[in-house]
Amino acid sequence: MSDDSSLKGRRLVVVGAGSHTGRALAKAASAAGADLVLAGPDPRKLEWTAGELSGPSEVLAVDLADEQSIAGLAARVGRFDHLVSTAAMPANGPLRELDAADVQRAFSAKVIGPLLLAKHLAGQVSESGSFTFFSGVAAWRPAPGRTVMATTNGALAFLVQALAVEIAPVRVNAVSPGIVDTGSWDGLGADKEAFLRGVAERNPARRVGSTEDLVKAVRYAIDNPYVTGTVLHVDGGGRLV
């Protein structure tokens, strides 16, 4: 997001601002002149993000599994221009080992939470405003042990279409990342480099993604007034192979 961005002076809500991707989005938007609302379940992580921003920000806790918490967020945010949610609570593992509570949390983060964010905040968005949610390549490339991830991401892709019709002219879109080196793969330790290299070799773009790729996609979704109900695939073609 460049300094001549249309975000200058705009109020941007980032749900999930304590995550790797959410933090990168907040930093880029702040550098572009936006007024940030940093929302998420862990105020400590949000304060960490706030400390890295170049412009004004406000930290607000929210639990996407709790409608009262979302309603409270709406009351505190007031009028705003754009909302981006990177929230995710994966429930991965073999089908026979899935825990219902984990599945419910996954749906709260990816499907029910975004639905309720739109319910409570759509009336507070500026005329040219938008919602952007994060889906994921698993919906188009399901794999064993990723059934819940595939289902929640796929449901979100259809949700943005329905919301784009229901709350028009507010625009609603999704960004669907593929394998992106945001820091979330650091847990692989010494195996990370080989894993990412293998992904790049198979990917039509012959590379893995970066947080900057995601920032550019969100910027496009926010800036283009003729794009709504759309999933932007930022996966280097990974869903195709």
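The values are calculated or read from the model by the stated rules, or taken from the named source; none is laboratory data. Note that this is a predicted model, so its numbers are computed, not measured. We place every Cβ from the backbone using ideal geometry, glycine too, and count neighbours over all the protein chains shown. What goes into the accessible areas is simple: the full protein's heavy atoms, side chains included, and nothing from ligands, DNA or RNA. Shrake-Rupley method; radii C 1.70, N 1.55, O 1.52, S 1.80 Å.
Of 207, 197, which residue is surrounded by 15 or more Cβ atoms within 10 Å (Cβ to Cβ), under 25 Å from residue 24 (Cβ atoms) and among the charged types (D, E, K, R)? Every option except 207 fails the conditions. None of 135, 128 is of a type in the set (S, T, N, Q) and either surrounded by 23 or more Cβ atoms within 10 Å (Cβ to Cβ) or free of Cβ contacts under 8 Å to residues at least 24 places away in the same chain (or both) except 135.
Taking residues in region 26-48 that are of a type in the set (A, V, I, L, M), and partners anywhere that are in a loop (DSSP other than H, G, I, E, B) and surrounded by fewer than 21 Cβ atoms within 10 Å (Cβ to Cβ), the pairs with Cβ atoms closer than 6 Å and at least 6 places apart or on different chains are 31/54; 32/5; 34/10.
Of 161, 124, all but one fail to be among the polar types (S, T, N, Q), within 16 Å of residue 37 (Cβ to Cβ) and more than 13 Å from the chain's Cα centre (by Cα); the exception is 124.
In region 140-182, the qualifying residues are those that are part of a loop (DSSP other than H, G, I, E, B) and of a type in the set (Gly, Ala, Ser), and the one that is nearest to residue 212 (Cα to Cα) is 178.
For the criterion of being in a helix (DSSP H, G or I) and either buried (at least 20 other Cβ atoms within 10 Å of the Cβ) or of a type in the set (Lys, Arg) (or both), residue 113 passes.
Do we have any residue at all in region 167-180 that's touching a helix residue (DSSP H, G or I) at 6+ places or on another chain (Cβ under 6 Å), in contact (Cβ under 8 Å) with a residue 60 or more places away in the chain, open to solvent by 30 Å² or more (accessible area, probe 1.4 Å) and within 30 Å of residue 129 (Cα to Cα)? Taking every residue of region 167-180 in turn, none turns out to be touching a helix residue (DSSP H, G or I) at 6+ places or on another chain (Cβ under 6 Å), in contact (Cβ under 8 Å) with a residue 60 or more places away in the chain, open to solvent by 30 Å² or more (accessible area, probe 1.4 Å) and within 30 Å of residue 129 (Cα to Cα). Note on region 10-40: residues that are closer than 12 Å to residue 80 by Cβ and either open to solvent by 10 Å² or more (accessible area, probe 1.4 Å) or modelled with pLDDT under 95 (or both) amount to 3.
Would you point out the residue of region 138-158, among those that are of a type in the set (A, V, I, L, M, F, W, C) and open to solvent by 20 Å² or more (accessible area, probe 1.4 Å), that is farthest from residue 176 (Cα to Cα)? In this case the residue turns out to be 143. The conditions of being in a helix (DSSP H, G or I), out of contact with any helix residue (DSSP H, G or I) (no Cβ under 8 Å at 6 or more places or on another chain) and either farther than 22 Å from residue 115 by Cα or among the hydroxyl-bearing types (Ser, Thr, Tyr) (or both) are not met by residue 226.
Hey, any hits in region 77-85 for a residue that's β-branched (Val, Ile, Thr) and in contact with a Phe, Trp or Tyr (Cβ under 7 Å, 6 or more places away or on another chain)? No; the residues of region 77-85 include none that is β-branched (Val, Ile, Thr) and in contact with a Phe, Trp or Tyr (Cβ under 7 Å, 6 or more places away or on another chain).
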